[in-house]
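Some notes on the structure that comes next.
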Amino acid sequence: MIEVKNLGKKFKNFWALKNLNFKLEDGEVLGVVGKNGCGKTTLLKLIAGILKPSSGKVITNLKVISYIPEKPILIPELSLEDNLKYFASLRKISKERIYEEIKYFELQVHMKKKTQELSKGLQQRLSMIIALLPDPDIILMDEPTSGLDAESKKLIVNRIRKLRESNKTVLYVTHDDEEIEKVCNKVLILDEGELMFFGSVEDFWKKYERYIYVILEGNNEPLLVKIEELKNLRNVMHVRSVGIREFLSGGVNLEINGKANFIKTHGD
């Protein structure tokens, strides 16, 4: 369980986070979404204890927290194998436990490579293993799949699903709406440091009416329509959802009779 009460963080005269309140139960995966600079990473660092709050507090009944930053923190001079041995020795992790994660993340053939020789995807897989070795109760992940190859992304997303099944609590910062739909049962949306929404993904779309882009036969320009209007359209060639981040950008373009119109999508 994690409970955030009136949480705020101030840097000089700037409030990065303001009066956040929410609660997560064991086994919940929370997708943290928002524009760049809205306070997502600050929130993770406050929960991890890396930063101290300027106001409010974080309450948890769980003991072990692992934080996985966007850029992996590894020892570049050491091989993948020696990185694992070093970090495992800090927690007295068994060889069996280490090999279990190595096998899952398919890193056997890379063990002797120095981490600076590894691709970003392989580095992130190694970072995931290091964070998961102590069997943490809470896992904080800051855009773990950003810029990764498809194979690494799939392995990490599937591993998050397994964490959820194991009753772990995960906070997952992402720009990928598909990942939110696949692995998260809750979503938290920040806007300029303030809590815009907290609840299930389904509840978000109930509160903020969902739109879709469609391309009709003979017209290459996408049309933006409400989802319930799709049944009234003819000759639909392609349909694309408007993602949460795109939806929250402040508006989307709607093409009507060849003229671009601006439709705000905040439900106000």
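The values are calculated or read from the model by the stated rules, or taken from the named source; none is laboratory data. Note that the coordinates shown come from a computational prediction; the quantities given were computed from them, not determined experimentally. Every residue, glycine as well, gets a Cβ built from its backbone with ideal geometry; the counts of neighbours run over all protein chains shown.
Annotations for the structure displayed:
- Applying the condition of being out of contact with any strand residue (DSSP E or B) (no Cβ under 6 Å at 6 or more places or on another chain) and free of Cβ contacts under 8 Å to residues at least 24 places away in the same chain to the range 1-36 and asking which residue is nearest to P69 (Cα to Cα) yields N36.
- Scanning the range 66-92 for residues that are aromatic (F, W, Y) and in contact with a helix residue (DSSP H, G or I) (Cβ under 6 Å, 6 or more places away or on another chain) gives Y67, F87.
Rundown of residues vs (1) at pLDDT 95 or above; (2) outside the structural domain of N167 (by TED's automatic domain parsing); (3) closer than 21 Å to G147 by Cα, yes/no style:
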residue	(1), (2), (3)
E70	no, no, yes
I73	no, no, yes
P76	no, no, yes
L80	yes, no, yes
S94	no, no, no
Q116	no, no, yes
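For (1) surrounded by fewer than 20 Cβ atoms within 10 Å (Cβ to Cβ); (2) in contact (Cβ under 8 Å) with a residue 12 or more places away in the chain; (3) more than 15 Å from the chain's Cα centre (by Cα); (4) under 18 Å from L80 (Cβ atoms), each residue gets a yes or a no:
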| site | (1), (2), (3), (4) |
| --- | --- |
| Q124 | no, yes, no, yes |
| M128 | no, yes, no, yes |
| L133 | no, yes, yes, yes |
| D142 | no, yes, no, no |
| H175 | yes, yes, no, no |
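- Filtering the range 179-204 to residues that are over 22 Å from E165 (Cβ atoms) and out of contact with any Phe, Trp or Tyr (no Cβ under 8 Å at 6 or more places or on another chain) leaves L190, D191, E192, E194, M196, D203.
- Residue in the range 5-20 that is touching a Phe, Trp or Tyr at 6+ places or on another chain (Cβ under 8 Å) and either surrounded by 20 or more Cβ atoms within 10 Å (Cβ to Cβ) or modelled with pLDDT of 95 or more (or both) present: yes
- Residue match in the range 145-154 (condition: outside any helix (DSSP H, G or I) and of a type in the set (V, I, T)): yes
- Residue match in the range 100-109 (condition: within 26 Å of I2 (Cβ to Cβ), crowded, with 18+ Cβ neighbours inside 10 Å and within 18 Å of the chain's Cα centre (by Cα)): no
- Applying the set (1) crowded, with 18+ Cβ neighbours inside 10 Å; (2) at positive phi; (3) touching an Asp or Glu at 6+ places or on another chain (Cβ under 7 Å) to N167 leaves exactly one unmet item: (1).
- Listed by position, the strands (runs of 3 or more DSSP E) inside the range 193-244 whose residues that are at pLDDT 80 or above number at least 3 are 194-199, 211-216, 236-241.
- Beta carbons closer than 6 Å, at least 6 apart along the sequence or on distinct chains, pair a first residue in the range 40-52 that is over 14 Å from G193 (Cβ atoms) with a second that is of a type in the set (V, I, T) and not in a helix (DSSP H, G or I) for I47/V58; A48/I65.
- Residue match in the range 24-43 (condition: part of a strand (DSSP E or B), on the phi > 0 side of the Ramachandran plot, of a type outside the set (D, E, K, R) and surrounded by fewer than 22 Cβ atoms within 10 Å (Cβ to Cβ)): no
- If the condition is being among the β-branched types (V, I, T) and either closer than 22 Å to I160 by Cβ or surrounded by 15 or more Cβ atoms within 10 Å (Cβ to Cβ) (or both), then the range 44-65 contributes I47, I50, V58, T60, V64, I65.
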